[in-house]
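Participant: First, the structure itself, so that you have it in front of you.
Taken together, the values in this text are just the output of simple stated rules run on the coordinates, not laboratory data. What you are looking at is a predicted structure, and each value in this text was computed from that prediction instead of being measured. Every residue, glycine among them, receives a Cβ derived from its backbone with ideal geometry; neighbour counts consider all protein chains shown.
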Amino acid sequence: MVKKFVREITYLPLILLAGIICFPVLFAASGVFMQQWELERNLAPVLAGAEGMAGWSVLPHAPTLRSLVELLLDSPQFFVMFWNSLKISLCILAGQTMFGVPSAWALARFRFPGRKAVLLLYIVLMLMPFQVLMLPQYLVLDRFRLLDTHAAVILPAVFSTFPVFIMYRFFCGIPESILEAARIDGAGHLQVFLWIGIPLGSAGIVSSGILGFLESWNLIEQPMTFLKTKSLWPLSLFLPEIGLEEAGLGFAAAFMMLVPALLLFLSGREYLEQGIAAAALKE
Amino acid sequence: MAEEGTGEMKNGKLVRVTAMFFALMLCFTILSRAADQMSVAVVQTERPQNRMIEHAVRTSGKIVQNQELAVTTLPDQRVTAIYVREGQRVAKGDLLFEVDTGLLDEKILDQQLEMEKQELQVKDAKSQKEVSAQQRANSQAQASEQYSLSTGRAGVQLARAKQQLDEAKEKLKKFRESVDEGKAGLSGGTGTADSDVEAALLQALEDKTNAYVAAQGELRTLEWEIENAVFTAKQNAAAGTLSGTIAGELSGSVSGNMSGAASGASLAAEDRVYTGAADAEDMDEVSVETGAENEAVSIEPLADDDEEIVLDMSSADAEPPVDAESGENMPGTDDASITVDMEAPEIVPDRTGADSRALDDPDADIGDMIIEDGGDPILPQPPTQEQLSQIEQTVRKSYSQRLAEAEQKVSSAQAEKETAEAALVQYQQEQLAAESSEKAASAQQLTADVRAAQQAYEDAAIAVNEAAVTSGRAVAIANIDEPSNSSDRMNEITYEQMELTLEKLEGLKKAKGKVCAEADGLITKINIMTGEKTTDTTALLMADLSKGYQFTADITKDQQKYIGTGDLVRLTSGDGKQKLEDLPVESITADENNGELYHVTVQIPEDTFEPGMNVNLDFVRKSETYPVTVPLSALHLDERQQPYVLILEEYGSIMGAEQRARKVSVTVLEQNESYAAIAEGAIGSEQELIVQSDKAVDNGSRVRVAH
């Protein structure tokens, strides 16, 4: 009885914490159904410089789907950016799968001189923020005349070190005995990789794919830096274009932007948890 | 196994949801694009062109005759038949209409009787005029005769009075001489001295009298000047600037003339003043000042041997004589000089100027003259009586000092004259006292005689003057022209007019009441009706075909700017079958009633269009070549009525390369109903201009070019 009470007492701050964390989502969700005048009244002190403090009500005074309908039926710009985001994200995922999986396998299963140094370099590069890599990347992309193309965003992300690092952890977890048995049975390196490594490391691959998708879906600095043509912009740059007069549209766009990530998260939640746990493990 | 199956099923659901989500997004993508394109205006564009601006002038008008002939006939004639109709061509000599000859005969007879009556009236009027002329001549002769008799009689009396005065003076002189001789015999020399003293006193009295009369003359002159100045000032105030100027000039002229007359009068007063106490020798000239300011009527008894009195009535200049002081009418002319000869009295009026006039009052008469000559001195707001009184007081005040001086001068001259007179009387009394009683009695008697004779002479002189004035006035009245009477001439004119009418009536009768065309023509209007009587107006109107035709039409004020006299135009008949090229415009004149319309005329060659035809005129005025011309549909006006064009502009957006309209203000150099020439610099020749749109397009509107 006492144990149960203590447990409930322990849940209370956690619930509060969860509520605080979820508030932005509720904030965005309720904004979708608000009318323009309500949004202006709530946000004018922040966005239009009006007097007073910005306010918010979780439940709209006069709920409406107007913003959502306007976004879906009267904003072709949103869809251009939506498909741009999808295109960039899928290309990045494909690239990472093509180049990251073999890299992680090689680092995990082969022993060669300098392997540890390369691994250390990967970790260091993974920890570097984009602001550090921005200028070198810009110069390289400019040199290759890739600026203001989707390739300028896709290619650096394809060769990102973070998925390699996650998959490295999963590939390291495959027992050496299974690989030995395959070799004894006459399997070569490629066969071992394709028929033993990938199936057994699929959780890591999916996990890194989900994390990679979420990261590329939310890319904002890279497109802003490398893309000048508006028609190439991803959805993450749609919101900065929205003003107070289109606040409803902004909330609707944010809501729609959340949907693919949410679906992906729900689909691969288990893999994602494994991937996050793998990233936290030390070698 | 069960958990795995549930997980796979859940994953499969999520995959389907995800797929559905993306499928929905694809649908909405298509729908939103379709909706977006519906709001985009589809436009058509053109590039500016290098071309001329053509101004076409098109109008339609009619062919009319160059000259119209009016066919008239005498009024009050009954029309028995009309042989033409409107629009009919007639040749010279063709019968147009016919009038009733019976009624015509009656009219002729009536006209003849009326003419006979008129002839009698002419004769009566002539006779009446002759009688009037004879009566007037008689009146003039009588007035002249009366003048001669009156002035002659008065002259004779004056001569007699002068003779008696001379005789009395002579007697007194002889008496003095005898007394002086006696005294000289007793005391030696004093008699002559006494005589000299008396002569000196007499001379002094004469001088003082002259001075007194001159002072009186000056005073009267000044008084007249004051009255004239007051009158002029009032006239100027009443007549305003313009009229005042005219009146001022006229009154100034009169004033000048009057001043001249006054000067002459003053001169006469100085030189010819009548001195009652003067000796007979000093009275060669006796002047009676009648007007002082204007007129000096001097009576000049000439020397005894030629006994002639000359009445010099000449004024200083050509102005009519004015008796300003006496208020009596003065006979006079512009250059009046009436000479009365005592022996053969006759009047010699010198009538070289305008008609003589008798003026009663100087001010009033001058006023009349000014009003007559100066036109209509009417002002919208004439000065009030108070203002006029104030003006009069101001003028009189300005003359007050001079008037006081003149009056003072008269007073002093009169006092001096009386002093001299008293001195003479005292001297004579002393002389009488010094003499013996017998001689004193004689001397007193002689002195009294001289005085009586002198008084008689003075009266006679006044009588001469009055006779001259009175009878002269009668002569002037008799000489006034009678009012013009033109009744005789008017009767003659009426008779001549009746003669002309009769001639026409007889001419019509001779033509048996038939009226024919005088030239080839086209009947355009018929104002008479069969059975009705003719009126004073035109019976028929016909176009004179021998003078050619012309095209006339109306054009608007805007069209008039592009067509001028001499421009070669094309005329096309209404049915389009007949065309005439390169015909010069003869005239373009503004419509008198409507300022927005102009009449254009073009002379038509013979045997082309018929009168009355509807014809179209075409003319194209080409401008210089402009490097930037745009279709008029590309030109718009903003709220400030400033012209602008919308050019096509490409820009990058989220949707990719899009096009929108951009407003560019331009300056229109010239335009017609299709194109406008734009000043260079605002738009280039490569820019696409929006000339047509399926929706309203403004600055910044997204557009799509229709191909």
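Participant: Using only the Cα atoms of region B:17-165, build the gyration tensor, take square roots of its eigenvalues as a ≥ b ≥ c, and label the shape rounded, prolate or oblate: rounded if a/c is under 1.5, else prolate if a/b is larger than b/c, else oblate.
Facilitator: The shape class here is oblate.
Participant: Looking at region A:85-140, which trypsin sites (Lys or Arg not before Pro) are in a loop (DSSP not H, G, I, E or B) and have at most 14 other Cβ atoms within 10 Å? Walk me through the numbers before you get to the answer.
Facilitator: Working: sites: A:87, A:109, A:111, A:115, A:116; in loops: A:111.
Taking region A:85-140 and a limit of 14 other Cβ atoms within 10 Å, the loop trypsin sites (Lys or Arg not before Pro) found are A:111.
Participant: Could you tell me how far the Cα centroid of region B:475-511 sits from the Cα centroid of region B:663-707, in Å?
Facilitator: Answer, in whole Å: 82.
Participant: Dipole of region B:459-556, Cα-centred, from +1 at each Lys and Arg C-beta and -1 at each Asp and Glu C-beta, to the nearest 20 debye?
Facilitator: 720 debye
Participant: So for the pair residue B:196, residue B:636, with labels modelled 7 Å out along Cα→Cβ, what separation do we get in nm?
Facilitator: 12.9 nm
Participant: Using modelled amide H (1.01 Å from N, peptide plane; none on Pro or chain starts), what sits under 5 Å from the amide H of residue B:604, excluding residues fewer than 5 places away?
Facilitator: Residues meeting the criterion, in which the H sits 1.01 Å from N, are B:549, B:550, B:551.
Participant: A further question follows. Residues in region B:549-566, backbone N under 19 Å from the label point at residue B:587 (7 Å along the Cα-to-beta-carbon vector): list them, ranges by number please.
Facilitator: Label zone hits: B:549-557, B:560-561, B:563-566.
Participant: Take the cross-link list B:234/B:417; B:92/B:533; B:129/B:509 and give me the ones stretching past 32 Å between alpha-carbons.
Facilitator: B:234/B:417; B:129/B:509
Participant: Right, here's the next one. In percent, how large is the relative contact order of region A:2-64, given Cα pairs closer than 8 Å and 6 or more residues apart?
Facilitator: Values: 35 pairs, mean separation 20.6, N = 63.
Answer for region A:2-64 is 33 percent.
Participant: Same structure, new question: By how many nm would the segment from residue B:599 to residue B:494 lengthen if fully extended, with 0.36 nm per residue of separation less the alpha-carbon distance?
Facilitator: 33.4 nm
Participant: How much length is gained on full extension from residue B:695 to residue B:10, taking 0.36 nm per residue of separation minus their Cα-Cα distance?
Facilitator: Using 0.36 nm per residue and subtracting the Cα-Cα distance, I get 241.4 nm.
Participant: Measuring from label point to label point, each 7 Å out along Cα→Cβ, what is the residue A:6 to residue A:132 span in nm?
Facilitator: Rounded to a tenth, the inter-label distance reads 4.4 nm.
Participant: Among B:37, B:18, B:53, flag the residue with its Cα farthest along the positive direction of the charge dipole of region B:1-96, charges on Cβ as +1 for Lys/Arg and -1 for Asp/Glu.
Facilitator: Comparing the listed Cα positions along the dipole, B:53 ranks first.
Participant: Over chain A, what relative contact order in percent results from Cα pairs under 8 Å that are six or more residues apart?
Facilitator: Values: 291 pairs, mean separation 81.0, N = 283.
So the answer I get is 29 percent.
Participant: Where a Cα-Cα gap under 29 Å defines reach, which lysines qualify for residue B:695, not counting those fewer than 8 residues away within the same chain?
Facilitator: Filter leaves A:230, B:663.
Participant: Taking the Cβ of residue B:571 as the center, what net charge do the other residues with Cβ under 11 Å away carry, scoring Lys and Arg +1 and Asp and Glu -1?
Facilitator: -1
Participant: Still on this structure, please answer the following. With Cβ to Cβ distances under 9 Å as the rule, what net charge do the other residues near residue B:92 carry (K, R +1; D, E -1)?
Facilitator: Computed value for this residue: -3.
Participant: Now, a different point. Which value, in debye to the nearest 20, gives the size of the charge dipole of region B:39-196 about its Cα centre, when Lys and Arg are +1 and Asp and Glu are -1 at the Cβ?
Facilitator: Roughly 640 debye, rounded to the nearest 20.
Participant: While we're on this one: Would you mind getting me the FRET efficiency between residue B:24 and residue A:64? Use the beta-carbon distance for r and R0 = 25 Å, nearest 0.05.
Facilitator: 0.80
Participant: Take peptide A:252-259, look around each residue's Cβ out to 10 angstrom, count Cβ atoms belonging to other protein chains, and average those counts.
Facilitator: Going residue by residue through A:252-259 and averaging, the value is 1.
Participant: Something else now. Rounded if a/c is under 1.5, else prolate if a/b is larger than b/c, else oblate: which is region B:410-459, with a ≥ b ≥ c the root eigenvalues of its Cα gyration tensor? Intermediate values should be presented prior to the final figure.
Facilitator: Values: a/c = 6.55, a/b = 1.46, b/c = 4.50.
Taking the square roots of the gyration eigenvalues as a ≥ b ≥ c, region B:410-459 is oblate.
Participant: Can you give me the relative contact order of region B:563-644 as a percent, contacts being Cα pairs under 8 Å and 6 or more apart?
Facilitator: 26 percent
Participant: Sorted by mean Cβ packing within 10 Å, highest first, what order do the peptides A:65-74, B:695-704 take? Walk me through the numbers on the way to the answer.
Facilitator: Values: A:65-74: 17.4, B:695-704: 14.7.
Final packing ranking: A:65-74, B:695-704.
Participant: Here is a follow-up. Between residue B:485 and residue B:428, how many nm apart are label points set 7 Å from Cα along the C-beta direction?
Facilitator: 6.1 nm
Participant: Each residue of region B:390-401 in order: what ³J(HN,Hα) in whole Hz does its phi give by Karplus 6.51 cos²θ - 1.76 cosθ + 1.60, θ = phi - 60°, with x for Gly and Pro?
Facilitator: 5, 4, 4, 5, 4, 5, 5, 5, 5, 9, 4, 5
Participant: Okay, next question. Would you please give the residues with an amide H less than 5 Å from that of residue B:675, counting only those at least 5 places away or on a separate chain, with H modeled from the backbone geometry?
Facilitator: Excluding prolines and chain starts, which carry no amide H, the hits are B:632.
Participant: Given the -39500 (n - 2.57) contribution per DSSP H run of 4+ residues, what per-residue ellipticity at 222 nm results for chain A, rounded to the nearest 500 deg cm²/dmol?
Facilitator: Calculated mean residue ellipticity at 222 nm is -21500 deg cm²/dmol.
Participant: By how many nm would the segment from residue B:537 to residue B:390 lengthen if fully extended, with 0.36 nm per residue of separation less the alpha-carbon distance?
Facilitator: Stretched out fully, the residue B:537 to residue B:390 stretch lengthens by 46.6 nm.
Participant: Quick check: Cα centre of region B:58-103 to Cα centre of region A:193-225, how many Å?
Facilitator: Using only Cα atoms to place each centre, the spacing works out to 113 Å.
Participant: Out of B:526, B:497, B:423, whose Cα points farthest toward the positive end of the dipole of region B:408-553 (charges: +1 Lys, Arg; -1 Asp, Glu; placed on Cβ)?
Facilitator: About the Cα centre, the residue reaching furthest to the positive side is B:526.
Participant: What's the local net charge at residue B:693, with K and R +1, D and E -1, over the other residues with C-beta under 15 Å away?
Facilitator: Net charge around residue B:693: +1.
Participant: Can you give me the long-range amide H partners of residue B:692? Hydrogens built in the peptide plane at 1.01 Å from N, cutoff under 5 Å, separation of 5 or more residues or another chain.
Facilitator: B:44
Participant: Hey, with R₀ at 45 Å, roughly what FRET efficiency would residue B:516 and residue B:624 work out to, going by the Cβ-Cβ distance, to 0.05?
Facilitator: Values: r = 59 Å, r/R0 = 1.31.
E between residue B:516 and residue B:624, to the nearest 0.05, is 0.15.
Participant: Read phi for every residue in region B:623-635 and hand back ³J(HN,Hα) as whole Hz from Karplus 6.51 cos²θ - 1.76 cosθ + 1.60, θ = phi - 60°, with x for Gly and Pro.
Facilitator: Computed from phi, the couplings for region B:623-635 are 8, 5, 7, 9, x, 10, 10, 10, x, 4, 5, 8, 9 Hz.
Participant: Under 1.5 on a/c is rounded, so check that first for region A:2-64, then, if it is not, pick prolate when a/b is larger than b/c and oblate when it is not; a ≥ b ≥ c are the square roots of the alpha carbon gyration tensor eigenvalues.
Facilitator: It comes out prolate by the Cα gyration axes.
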